[in-house]
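Here is the structure we will look at, set down as structure tokens.
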Amino acid sequence: MTAIEETRKLPQTILMYPMTLASQAAHVVMRIQQNIAELLIKGDEALENIFPSKEEQPEWATFDEDVNDELPAQPANDGERLTEGRFALYTNVDPEATTTDPKPSVKEAKTAEADPPDIVAHLDYEALTLAQLRARLQSLRVGDLEALLGYESATRARAPFQTLLANRITRATAK
């Protein structure tokens, strides 16, 4: 009986042999690679004991740890938003307004002289960051955009805001 059963299983068993052989070959190859890696690690440790490495740093090489020691300490911003670098576009703090100078700056004088359009008060434009303004641009008409651009140019003249408004006006008029 068993010979007949084994004979019936023979076609399935023959189909499985190539996969079994490939699996066993892969297993042998990986085992050889592991053995070689272990030997290399042992060889490195032996060479390290015979010839200890010198902990010298070339004079032309600089690392972050070295540079940070030479830099002056950064003042804490006490929770204020950053107004320099890549974060300047996402803040609404005027860097000149943070000074303790009792005289009003040129931009503050321009803001006081400029008569803000209704859209400035409606959007609370002065408190908007660049990202918040970008999110609201789709709902504004071309006239409102031009009024905001004129107001921005007359007051704070922030280049990213002016570019954003000018680009939106161009796209809106092209439609």
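Consider the range 122-142. How many of its residues are in a loop (DSSP other than H, G, I, E, B) and either within 15 Å of Pro160 (Cα to Cα) or small (Gly, Ala, Ser) (or both)?
2
Quick one: is Ala157 in a loop (DSSP other than H, G, I, E, B), at pLDDT 55 or above and either surrounded by 15 or more Cβ atoms within 10 Å (Cβ to Cβ) or in contact with a helix residue (DSSP H, G or I) (Cβ under 8 Å, 6 or more places away or on another chain) (or both)?
Spelling it out, Ala157 is indeed in a loop (DSSP other than H, G, I, E, B), at pLDDT 55 or above and either surrounded by 15 or more Cβ atoms within 10 Å (Cβ to Cβ) or in contact with a helix residue (DSSP H, G or I) (Cβ under 8 Å, 6 or more places away or on another chain) (or both).
Only one residue in Pro52, Pro75, Pro116 is at pLDDT 70 or above and within 30 Å of Thr129 (Cβ to Cβ), so which one is that?
Residue meeting the stated conditions: Pro116.
The values are calculated or read from the model by the stated rules, or taken from the named source; none is laboratory data. As the structure is a computational prediction, the values presented were derived from the model and not from experiment. Note that each Cβ is placed from the backbone with ideal geometry, even for glycine, and that neighbours are counted across all protein chains shown.
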